[in-house]
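Q: Pasting in a structure now, in C-alpha cells, and then I'll have a few things to ask.
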Amino acid sequence: MTGTARLPKELITIPVAGMTCAACERRISKALTALPGVVSATASTRKGTASLITTSQVSRASIDKAITGLGYGLGHSPWLNRDPQVWRSAAVAGIVVALLVIMVGASDLTGRLGDLSTGGLLLVFALGLAAGVSTCMAMVGGIVLAISASAAGRAAAKGSEARTSVWRTNLTFQAGRIIGFGLLGAALGAIGRSAAMPQPVVIALMIAVAVLMLLVGVRLTELSPRVAGWSPTIPAAVGDRLGLSGDVPARRTAGTLAAGAATFFLPCGFTQAVQLYAFSTGSPSSAGAIMATFALGTAPALFAVAGAPTLFTGPKKVAMLRALGVIVVGFAVINATAAMRLAGVSFPSGGSTAQAISSNVSFTPTDQTIKTTQDGDGYHPADAVIYAGRPTHWVMNSTAPFTCASAVISQDLGKQFTLNAGPNVVELPKLSPGTYAYTCGMGMYSGSIVVIQQPAAAPAPN
C-alpha cells in the first residue's frame, strides 16, 4: 500500500460555470484527475458541478486554477448572459431572420417544414448543417478525430500518404453515418406507422421536438448559460465505457461504417428533434429520407474536423452560431404553435364572421358539396362557408399525397383521415351553426368550415 492510499479521502463538489457539452466534462475531468492528490474527478454539465475525491495533498487553489485555466468559471452559470455583445449579435440575427420571414412569408416557412417533397428536406438539411457546426461537432467530432488519428498513425507506420488515408477513412465513416441514419430512420417510420399514434401522442412528440430545439437554439445563441447546460449530452463516463470518446481505433472498413451508423444513437439535441419528426411521419420512406438528409447536412462540418480544427474561426464562427441559434428558436416556436393548433387551440385571425356562401360550395335541393384541393402548400381554398342543416359532401382532391397535408384531423368534426391521390369524399352530417376547424397531421396547415343559418326567405342556391 502506498502512502497516498492510506491518506484520508474527501469528496469535494465545486460549481463550474460555462460547461455546455460532454467535451467540457471530459476536459475538466481530465485536468482535475491529473492534479496531485486527486483520486478521481467527474464533471456534470446538467448540474454545473465538478466532483472530486481528494486527499490532503491537493490544494483548493490548484483545483480552482485548473478549472479557470481551461476557460471555465467558478460558481453557477447565470440565467442570462451579461455580455452586451452577445445580446447585440443575437438581436441582429433576429432582425435578419424576421426580414427573411417577411420576404418569404411565414406561412411558406411553416409549410415547408411539413412538405417532405420539397422544402421539408431542405429544412432538415439546413438543420443538419447547423448541427454539424455545433452539437454534432461537439459529440461526433471526437469520434472523427480519433478515427482520423488512427488512420494517420497506420498510414505513417506503413510509409503511405497520411492525408489520403485520413480522407478515405472519413469518407467511409460518413457513408456509414448517412446509410445508417437512412436505414434506422426507415425503421423509426415503420414503427410510427404500425403504432398508429393517437393524436395526443403526436402532439406530445411535437412539443418534445419544440422543447429540444429551443434548448439547442438557446445554447447556440449563448443568451442563457444556465439553460445551455440543459441540452441533452452523453455523459463523458458513459462515452468512455462505450468507446465513443477518446482514442478509438478504426481497424477495418466495416468497423468504420458501423461507427458512423452508431452515432444515430448519440443524444444530440438536433438529432433527437429530427428523429421525433421522422417517427411522427409514420412512413418508412419519408422517415428514412429525413434522417439520411440530416446526416448528409452534418457531413461538411464533420469532414472539416478531419482536416482542420473548425470550418469557421474567430468572430465569424461565433456570429454564425448565434444566427443559427435564433433560427432554431424560431422553428421551435413554429413547431410549438403547430402542436397547439393540432390540439385544438385556435389563434385569432382578425377577420370578420362570414355571412355568405363561399364560391367552392355547390348545392342540390337536399345537400351541398365542398371542393378543396390539397397540395404541398396545404389546402386551397382552406376555408369554406356552408349552410346548416344539410348533409355535406366534402370532396378533397389530393395532388401531393406524400406530404403531411394529406393527413387531415378535425376535433370539431370528429374526423381523422388520410388522403389518397385524386378525389377523396368525406361525408359530413348535418352541422349546426359554428366554426369547425381542421389541420394537417402535423398542425402546419389549417382551414375551417364555417356553418351559417340559411335565410328563410332566400331561395336555395344552385
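Q: State yes or no: is Val326 modelled with pLDDT of 75 or more and among the β-branched types (Val, Ile, Thr)?
A: Criteria met by Val326.
Q: Can you work out which of the residues in region 271-286 that are closer than 18 Å to Ala204 by Cα and touching a Lys or Arg at 6+ places or on another chain (Cβ under 9 Å) is surrounded by the most Cβ atoms within 10 Å (Cβ to Cβ)?
A: Result: Thr281.
Condition check ((1) in contact with a Gly (Cβ under 8 Å, 6 or more places away or on another chain); (2) of a type outside the set (Gly, Ala, Ser); (3) surrounded by fewer than 20 Cβ atoms within 10 Å (Cβ to Cβ)) across all residues:
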{"site": "Tyr387", "(1), (2), (3)": "no, yes, no"}
{"site": "Pro391", "(1), (2), (3)": "no, yes, yes"}
{"site": "Asn397", "(1), (2), (3)": "yes, yes, yes"}
{"site": "Ala405", "(1), (2), (3)": "yes, no, no"}
{"site": "Val408", "(1), (2), (3)": "yes, yes, no"}
{"site": "Leu413", "(1), (2), (3)": "no, yes, yes"}
{"site": "Leu419", "(1), (2), (3)": "no, yes, no"}
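Q: Search region 280-300 for residues being at pLDDT below 80 and in a helix (DSSP H, G or I), and hand back the single one that is farthest from the chain's Cα centre (by Cα).
A: The qualifying residue farthest from the chain's Cα centre (by Cα) is Thr281.
Q: Something else: Please pick out the residue among Ala90, Ala41 that is under 37 Å from the mean Cα position of the chain (by Cα), modelled with pLDDT under 90 and open to solvent by less than 20 Å² (accessible area, probe 1.4 Å).
A: So the residue among Ala90, Ala41 that is under 37 Å from the mean Cα position of the chain (by Cα), modelled with pLDDT under 90 and open to solvent by less than 20 Å² (accessible area, probe 1.4 Å) is Ala90.
Q: On to the next question. Checking the structure you have, find out if any residue of region 198-218 is touching a helix residue (DSSP H, G or I) at 6+ places or on another chain (Cβ under 7 Å), at pLDDT 75 or above and not in a helix (DSSP H, G or I).
A: Within region 198-218 (the criterion being touching a helix residue (DSSP H, G or I) at 6+ places or on another chain (Cβ under 7 Å), at pLDDT 75 or above and not in a helix (DSSP H, G or I)), the answer is no, since none of the residues qualifies.
The values are calculated or read from the model by the stated rules, or taken from the named source; none is laboratory data. Remember, predicted model here, so these are calculated numbers, not experimental data. No Cβ is skipped: glycine too gets one built from the backbone with ideal geometry, and neighbour counts run over all protein chains shown. These accessible areas exclude ligands, DNA and RNA; they are computed on the full protein's heavy atoms, side chains included. Shrake-Rupley method; radii C 1.70, N 1.55, O 1.52, S 1.80 Å.
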